[in-house]
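Have a look at the structure below before the remarks.
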Amino acid sequence: MYEAHVTVVGNVATDVDYHVSASGVPVARFRLASTVRRFSRQQGSWTDAFTSFYTVWAWRSLAANIGSSVSRGEPLLVQGQLRIQENERDGRRYLSADLMASSVGHDLSRGTAVFMRGSPGKPGLVDSAGGAGAAAQP
């Protein structure tokens, strides 16, 4: 109830890791890179400031649709619950930002898309070059 719900705009930084859990639930995971851009008055142009990385998690039909629709490098909007995790590994502490996705969509300010309503997607229908239909064999 009191989780932080956020919308993050960024680019897919890794291939989508899609699998079905031992309990039969589809799961998708990928990294999203979101770069802050600022206008420099001195240079008179926009410059990149810093990049934040989020691990995006999705389940069930959203996971299956992500697996068949999303490729590395594509611009996305992801909405969901933000969870900051503090962990320790090899004596070093680090923070990670996980985003439990409730909605994912392509950023149409940077391109076009075709929406197809119907049965859940079949992961692997988008090849690594971003073309649809590479693995369209049933």
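The values are calculated or read from the model by the stated rules, or taken from the named source; none is laboratory data. Just so it is clear, the structure is predicted and the values come from calculations on it, not from any experiment. When we count neighbours, we look across all protein chains shown, and the Cβ atoms used for this are built from the backbone with ideal geometry, even at glycine. Just so you know, the surface numbers come from the protein's heavy atoms only, side chains and all, with ligands and any DNA or RNA stripped out. Shrake-Rupley method; radii C 1.70, N 1.55, O 1.52, S 1.80 Å.
Collect the residues in segment 42-60 that are modelled with pLDDT under 95, over 15 Å from V9 (Cα atoms) and open to solvent by 70 Å² or more (accessible area, probe 1.4 Å), keeping them in residue-number order.
Q42, Q43, W46
Just a yes or no: is a residue in segment 54-72 touching a residue at least 60 places away in the same chain (Cβ under 8 Å) and not small (G, A, S)?
Scanning segment 54-72, I find at least one residue that is touching a residue at least 60 places away in the same chain (Cβ under 8 Å) and not small (G, A, S), so the answer is yes.
Please work out which residue is surrounded by the fewest Cβ atoms within 10 Å (Cβ to Cβ), limiting yourself to segment 62-95 and to residues that are farther than 15 Å from A4 by Cα and of a type in the set (S, T, N, Q).
Start the filter on segment 62-95 by keeping residues that are farther than 15 Å from A4 by Cα, which leaves 62-77, 86-95.
With of a type in the set (S, T, N, Q) added as a condition, the list becomes 65, 68-69, 71, 87.
Working: N65: 19, S68: 21, S69: 21, S71: 16, N87: 9.
Looking at residues that are farther than 15 Å from A4 by Cα and of a type in the set (S, T, N, Q), I get N87.
Hey, could you check segment 15-41 for residues that are within 19 Å of G73 (Cβ to Cβ) and open to solvent by 50 Å² or more (accessible area, probe 1.4 Å) and say which is farthest from the chain's Cα centre (by Cα)?
That would be R37.
Please work out which residue is most open to solvent (accessible area, probe 1.4 Å), limiting yourself to segment 1-14 and to residues that are within 10 Å of the chain's Cα centre (by Cα) and β-branched (V, I, T).
For segment 1-14, the residue satisfying everything is V9.
Just need a number here: residues in segment 43-88 that are assigned to a strand (DSSP E or B) and of a type in the set (A, V, I, L, M). Show your work before the answer.
Quick first cut of segment 43-88, residues assigned to a strand (DSSP E or B) only: 45-59, 75-88.
Applying the additional criterion that residues be of a type in the set (A, V, I, L, M) yields 49, 56, 58, 76-78, 82, 84.
The total comes to 8.
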